[in-house]
Amino acid sequence: MGFGTDTNMRRGAVLALSLGLFLLASTSMAATHACMHQQLHIANAEIRATAPSAPVTGGYLHIHNKSDKSQRLIAVMADFAQHIELHEMKHENGVMKMTPLENGIEIPAGTAVQLKPGGLHIMFMQLTAQLKPLEMHEVKLVFDGCGEMQAKFMVVKKPASGHSQKHQH
C-alpha cells in the first residue's frame, strides 16, 4: 500500500465527515423552517437575571400557534444551563407548588400560551454563568410536531407578566 492509498483514505474520511456535518446542519435548518411553516411565533422571550453564583433561574415567553395543528413544547436547550425542565406553579390546598411537566406544554391550534412567573415556565438549572440584565442568549425550543426552533431570550431584572410585545421574534 503506497502513499496514494493513504491519501485517498484521508480524502474519503474528510468527504464523509463533511457530508455528515452538512446533513446535520440541513436537518436543523429544516426543523426550524418546519416550525415557522407550522406558524409558531415566539414573543417576549425573557430570562430572570441571577446573582453571581445562583444555581437556577426562570425563563418566560409567549408562544403563538397560528396554525390549525396543535403543538407541544417538549424540551429546551441552552449553553448556560446543564439541566432544563418545563414547570408549572399552581395552588394546592393553599400552598403554591412547582411541578415538572413530564409531557411538556401543549400549544393548541389557533391559540397563544404564556409562560410567566407563577404559572407555566422554564427552569434553567445548574447554571454555568451569571446571567446579567440586557444580555441576549440563544435558546433552542423543541416541539414534538415540528422539531427545533431557535429563540433569543433577553435577560431582565424582573420578567414582564403582561401581554407587552417589546421583544418579538
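When the criteria are applied in full, residue 123 fails the requirement of being among the aliphatic types (A, V, I, L, M) and farther than 22 Å from residue 40 by Cα. Of the set (1) in contact with a His (Cβ under 9 Å, 6 or more places away or on another chain); (2) modelled with pLDDT under 95; (3) of a type in the set (Lys, Arg), all apply to residue 152 but (2). Residue count for region 72-104, restricted to those that are over 15 Å from the mean Cα position of the chain (by Cα) and over 19 Å from residue 145 (Cα atoms): 13. The single condition among (1) farther than 17 Å from residue 144 by Cα; (2) at pLDDT 95 or above that residue 108 does not meet is (1). Part of a loop (DSSP other than H, G, I, E, B), within 23 Å of residue 35 (Cβ to Cβ) and over 14 Å from the mean Cα position of the chain (by Cα), is that true of residue 69? Criteria met by residue 69. Close Cβ contacts (under 8 Å, 6 or more residues apart or on different chains) running from residues in region 113-124 that are without any contact (Cβ under 8 Å) to a residue 40 or more places away in the chain to residues that are polar (S, T, N, Q) and in a loop (DSSP other than H, G, I, E, B) are absent.
Show the residue pairs meeting these rules: Cβ distance below 7 Å; 6+ apart or different chains; first residue within region 37-64 and within 21 Å of residue 112 (Cβ to Cβ); second residue of a type in the set (A, V, I, L, M) and outside any strand (DSSP E or B). What qualifies is 44/160; 46/160; 47/131. When the residues of region 49-63 are filtered to those that are assigned to a strand (DSSP E or B) and either over 30 Å from residue 110 (Cβ atoms) or at pLDDT below 95 (or both), the one that is nearest to the chain's Cα centre (by Cα) is 57. Screening residue 130 with (1) in a strand (DSSP E or B); (2) modelled with pLDDT of 95 or more gives one miss only, at (1). Within region 82-110, the residues that satisfy the criterion of being part of a strand (DSSP E or B), in contact with a Ser or Thr (Cβ under 9 Å, 6 or more places away or on another chain) and not acidic (Asp, Glu) are 82, 87, 89, 90, 107.
The values are calculated or read from the model by the stated rules, or taken from the named source; none is laboratory data. Please read all numbers here as calculations on a predicted model, not as lab measurements. All Cβ positions, even for glycine, are placed from backbone atoms using ideal geometry, and neighbour counts span all protein chains on display.
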